[in-house]
Amino acid sequence: MAVMALKEQLDSFVKSMLAEGTLDQQFQQLQMLEDGSGFVAEVIKMFCDDSERILGELTNLLEQVVVDFGKVDGCVHQLKGSSSSIGAHNVTVACVQFRHFCDENDKEGCLRALNVLKHEFYRLQSKFQTMSQMENRILAYEGRKANGM
């Protein structure tokens with residue numbers, strides 16, 4: 001019975017993320033591919049690792065005296081693609097807005113957009129960590145139950 005309550009809590013948490021725009025239907029599609037192997041958790045981990053790397057690269061590019069807006073745009077485009085693929089709606093929207101500043105070669109606008117993008121990403125990453133903890137509790141409970149504990 002307790003495992004059902006944990007699963008309902010996780011489902012409710014994901015639904016709240018969908019309702020607030022943190023995630024979109026693409027994430028639900030991704031969840032449907034889960035087969036118990038941890039596929040979704042691995043995709044989330046790769047997304048977070050890649051995103052942190054890209055955010056670091058963007059920070060370095062924008063710290064330069066002369067900004068290569070083509071490289072900045074390329075990084076933002078890459079992050080937009082991966083965030084769209086995983087269903088990270090708010091991150092995707094922040095990338096779209098960021099690219100407008102790249103098109104204008106607006107360094108100050110890009111710096112502001114980077115701050116928004118970082119905020120949205122780290123907020124999402126925190127929620128993904130909460131999801132992971134919930135999933136781990138479910139797996140631990142199911143493991144104990146399977147072992148007769």
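Entry for the chain at q = 0.10, 0.15, 0.20 Å⁻¹: log10 I(q)/I(0) = -0.41, -0.77, -1.16, Debye formula applied to identical alpha-carbon scatterers, no solvent contribution. Based on DSSP H segments of at least four residues, each scored -39500 (n - 2.57), the chain has a per-residue ellipticity at 222 nm of -29000 deg cm²/dmol. Please go through region 9-64 and write out the GluC sites (Glu not before Pro) that DSSP classes as loop and that have at most 13 other C-beta atoms within 10 Å. Here the sparse-neighbourhood loop sites are GLU20, GLU34.
FRET efficiency for the pair GLN78 and ASP11, taken as 1/(1 + (r/R0)^6) with r the Cβ-Cβ distance and R0 = 35 Å, rounds to 0.65.
Each value in this text was obtained by applying a stated rule to the coordinates, not by laboratory testing. Being a predicted model, the structure only gives us computed values, none of them experimental. In this analysis, Cβ positions are derived from the backbone assuming ideal geometry, glycine residues included, and neighbour counts consider all displayed protein chains.
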